[in-house]
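A short worksheet on the structure shown next.
The values are calculated or read from the model by the stated rules, or taken from the named source; none is laboratory data. Small disclaimer: the values here were computed from a predicted structure and weren't measured. Virtual Cβ from ideal backbone geometry, glycine too; neighbours counted across all protein chains shown.
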Amino acid sequence: MIAWANDIDWLGEHLPPSPVVEWCARFPDYTSTVRGQRVSLVEWFFKWAHLPLTHIHLRNQSETRSEATYVTRNVAPYLYFVLPRCRNVVSLDLAGLLDLAAIFELATSSTKLESLRISSMNVPFLSIQIVRQAIQWLTSTRVRMFWFSKWTWDPTVDPSLQNAFLAALFQCPTMINLSLTYCNLSQLNSEACTTLSTSLEILTLTSCQLSSSCLVGLAHGLPKSNVVQLHLEGMDEADPATRHASFQHVLAAVAHSKVTTLTLERCIDNDTVVYIGPWLAQTQLRDVSFVENGVMDSGAVALAKVLQGNTSIRRLNLDANNLTVQGVVALLEGNSIRSVPLEELGVAFNNIYLDEDKAMLRARAHRLSTIRFD
């Protein structure tokens, strides 16, 4: 791992080719010093592009670093000018200012790039050329992971090309981990969701525009897939009139799938939670998260019945809902008669404020490893 970039010439001379050479150092913002001489960013990045890098990781790690390592406006033109030359890169992880043309030029010119994680501060447009390059990459390379945060379609990209790109994502034969955040998926054909790639194991869709018909298509595709982690977040604005029925289909499908981790956050409501109880009881889920869904005590009672009949669930997260002490008591009573108790119950940011109430609930949670109130 290269976390120090002060002498690019030294790195060029002493850094041997290796199966894993990861760059995570902050780029110089203006000029740099090489062996006592000031060099321009053009020259510095030309030298950088000749390093035998296999992994490039430029994403702010605020918990471990005091300085930003994302792509800044100052360095973006120089980085993206040389990026297509980095043909040995297997994994590319960029946050900040994105140049999709340069990124997908690298993707299509290299046969090695199998992991791409990009999140943008500038919400880039997907043009016809970029979409076609992305489809070429997805259909000709062993792509394993694709994470994209924020995009918007160029007006020249017609719905059929949008769907072709989205179908290539969901049906990429080697894709293991697909995560999309704040992306417009409204042109995704429901048929693409019914035939998910058999290699796909982790699917995350956060605050994406997705039709109810695609949710139903996803439900049809889940039982035939190998997805083990399903994360759907921020779908509360998608076709509100039919959302309740759509998520009923999804939960019914989960009961007949390989999914063991399920996240539905800001997707459903209390009535849906009450209704889906029988399907939840039939699942093999281990981790369930229903954060910020407006779950009330009646929903907690329904989930308590699920816990009594399903011993596979080990962690249940109900943070940021509308539970009171009575709802949490119902959950604890349901857990108390399980042969295999929960490991963790999350009820933070609910309607439980008094310290004596929290103390009482902790006392009743003696079979739980952890109960979280904050």
Could you identify the single residue in LEU92, LEU11 that is surrounded by 18 or more Cβ atoms within 10 Å (Cβ to Cβ) and either assigned to a loop (DSSP other than H, G, I, E, B) or modelled with pLDDT under 90 (or both)?
LEU11
With the first residue restricted to the range 139-151 and required to be touching a residue at least 24 places away in the same chain (Cβ under 8 Å) and within 13 Å of SER197 (Cα to Cα), and the second required to be of a type in the set (S, T, N, Q) and surrounded by 19 or more Cβ atoms within 10 Å (Cβ to Cβ), Cβ contacts under 9 Å at 6 or more apart or on different chains are ARG144/SER91; MET145/SER91
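Would you confirm whether any residue within the range 143-154 is of a type in the set (Val, Ile, Thr), outside any helix (DSSP H, G or I) and in contact with a Cys (Cβ under 8 Å, 6 or more places away or on another chain)?
As a first pass, look at the range 143-154 and keep what is of a type in the set (Val, Ile, Thr): 143, 152.
Restricting the remaining residues to those that are outside any helix (DSSP H, G or I) gives 143, 152.
Within this subset, residues satisfying the condition of being in contact with a Cys (Cβ under 8 Å, 6 or more places away or on another chain) are 143.
Yes, there is a match, as at least one residue in the range 143-154 is of a type in the set (Val, Ile, Thr), outside any helix (DSSP H, G or I) and in contact with a Cys (Cβ under 8 Å, 6 or more places away or on another chain).
From the list LYS150, LYS112, which one is of a type in the set (Lys, Arg), modelled with pLDDT under 90 and within 23 Å of the chain's Cα centre (by Cα)? Explain how you work it out, then say what you get.
Numbers: LYS112 fails: modelled with pLDDT under 90.
Within the list LYS150, LYS112, the selection yields LYS150.
From SER186, SER207, which residue is of a type outside the set (D, E, K, R) and in contact with a Gly (Cβ under 6 Å, 6 or more places away or on another chain)? Spell out the reasoning first.
On the way: SER186 fails: in contact with a Gly (Cβ under 6 Å, 6 or more places away or on another chain).
Exactly one of SER186, SER207 is of a type outside the set (D, E, K, R) and in contact with a Gly (Cβ under 6 Å, 6 or more places away or on another chain), namely SER207.
Among the hydrophobic types (A, V, I, L, M, F, W, C) and modelled with pLDDT under 85: does that describe VAL34?
Working: among the hydrophobic types (A, V, I, L, M, F, W, C): yes; modelled with pLDDT under 85: yes.
Spelling it out, VAL34 is indeed among the hydrophobic types (A, V, I, L, M, F, W, C) and modelled with pLDDT under 85.
Of all residues in the range 14-31, count the ones that are under 22 Å from ARG59 (Cα atoms) and either at pLDDT 80 or above or of a type outside the set (Phe, Trp, Tyr) (or both). Walk me through it before giving the result.
Residues of the range 14-31 that are under 22 Å from ARG59 (Cα atoms), as a first pass: 19-31.
Remaining after also requiring either at pLDDT 80 or above or of a type outside the set (Phe, Trp, Tyr) (or both): 19-29, 31.
Residues in the range 14-31 being under 22 Å from ARG59 (Cα atoms) and either at pLDDT 80 or above or of a type outside the set (Phe, Trp, Tyr) (or both): 12 in total.
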In this structure, is VAL347 at negative phi, out of contact with any Cys (no Cβ under 7 Å at 6 or more places or on another chain) and surrounded by 19 or more Cβ atoms within 10 Å (Cβ to Cβ)?
yes
Looking at (1) under 30 Å from HIS256 (Cβ atoms); (2) at pLDDT below 95; (3) surrounded by fewer than 18 Cβ atoms within 10 Å (Cβ to Cβ), which is the one condition that is false for THR370?
(1)
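Check whether at least one residue in the range 115-124 is on the phi > 0 side of the Ramachandran plot and either touching a helix residue (DSSP H, G or I) at 6+ places or on another chain (Cβ under 7 Å) or not small (Gly, Ala, Ser) (or both), and report yes or no. Give the steps one after another, and end with the answer.
Within the range 115-124, the subset on the phi > 0 side of the Ramachandran plot is 123.
Now drop any that are not either touching a helix residue (DSSP H, G or I) at 6+ places or on another chain (Cβ under 7 Å) or not small (Gly, Ala, Ser) (or both), which leaves 123.
The answer is yes; a qualifying residue exists.
Residues SER120, SER109, SER127: which one is touching a strand residue (DSSP E or B) at 6+ places or on another chain (Cβ under 8 Å) and polar (S, T, N, Q)?
Matching residue, one of SER120, SER109, SER127: SER120.
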With the checklist (1) surrounded by fewer than 19 Cβ atoms within 10 Å (Cβ to Cβ); (2) at pLDDT 95 or above; (3) of a type in the set (Ser, Thr, Tyr) in hand, flag the one item TYR80 doesn't pass.
(1)
Six or more apart or on different chains, Cβ atoms under 8 Å: show the pairs whose first residue is in the range 291-310 and in contact (Cβ under 8 Å) with a residue 40 or more places away in the chain and whose second is in a loop (DSSP other than H, G, I, E, B) and among the hydroxyl-bearing types (Ser, Thr, Tyr).
none
Looking at the range 7-21, I want the residues that are hydroxyl-bearing (Ser, Thr, Tyr) and have a partner that is outside any helix (DSSP H, G or I) with Cβ atoms under 9 Å, at least 6 apart or on another chain. Which pairs are those?
SER18/PRO52; SER18/THR54
